[in-house]
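Working notes, beginning with the structure itself.
The values are calculated or read from the model by the stated rules, or taken from the named source; none is laboratory data. All values derive from a computational prediction rather than experimental measurement. Here the Cβ positions follow ideal geometry from the backbone for every residue, glycine too, while neighbour counts run over all protein chains shown.
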Amino acid sequence: MRTITNALPHQLDQEIQDAFRKQVLPLSTSQLVLVLRKVIDLSPQMLYLIDGFDDMEESQIQGLFAFLRTTFACDNPHYSKLALFSREVLGRGIEASKSLRTIENMFEIRFSLSHLSDDIAKFVEAQVEEQQLSRTITEDATLIADIKQKLKENGDKMLV
């Protein structure tokens, strides 16, 4: 395999840095589309990895999906490929596979509860411990263990 490294033009690099400053986040859909459009135009024939749909509002997801459908359609002149990381269903019922089925060069990596259960368990442990440090929930170790267990058992509801 051959590795090719392309540096972004300084102006584009600066625009990306400016767009993703903490004070600016979250970006509007139009800002995100503008940044992506510039990157794709200046860096054709790439594999673009996109994640973070789970944190977007439905209107943002739909707007970004519309952009992706037109940009990565069958006649995509830049010959780029797309890889999406997300849940199967976003927002209130937006199915990524159906919404983006017109894109041929797209790879989907879906996360299910079985992939996330360890992460959820670690999150529960950390959150309960943090709460205990900031404000004692209870001195009863058995009760704390029960709380953690119930939260872990119901972890699938965190994904909805």
### Task
Could you tell me whether the range 68-91 includes any residue that is more than 28 Å from Leu42 (Cβ to Cβ), hydrophobic (A, V, I, L, M, F, W, C) and either modelled with pLDDT under 80 or in the same structural domain as Leu27 (by TED's automatic domain parsing) (or both)?
yes
### Summary
Counted residues in the range 6-49 being of a type outside the set (Val, Ile, Thr) and not in a helix (DSSP H, G or I) come to 19
### Message
Just to be sure I understand, how many residues within the range 133-156 are within 32 Å of the chain's Cα centre (by Cα), small (Gly, Ala, Ser) and modelled with pLDDT of 85 or more?
### Response
1
### Task
Return yes or no: is Leu47 in contact (Cβ under 8 Å) with a residue 12 or more places away in the chain, under 17 Å from the mean Cα position of the chain (by Cα), exposed (fewer than 11 other Cβ atoms within 10 Å of the Cβ) and more than 17 Å from Leu90 (Cα to Cα)?
yes
### Query
Any chance the range 79-89 includes a residue that's free of Cβ contacts under 8 Å to residues at least 12 places away in the same chain and of a type outside the set (A, V, I, L, M)?
no
### Summary
Listed by first then second residue, the pairs whose first member lies in the range 137-149 and is in contact (Cβ under 8 Å) with a residue 40 or more places away in the chain, whose partner is outside any loop (DSSP other than H, G, I, E, B), with beta carbons under 7 Å and at least 6 positions apart or on separate chains, are none
## Note on the structure
Reported set for the range 50-93 where residues are farther than 19 Å from Ser28 by Cα and not in a loop (DSSP other than H, G, I, E, B) is Lys81, Leu82, Ala83, Leu84, Phe85, Ser86, Val89
### Task
Search the range 8-44 for residues being at pLDDT below 75 and loosely packed, with under 11 Cβ neighbours inside 10 Å, and hand back the single one that is nearest to Ala83 (Cα to Cα).
Leu25
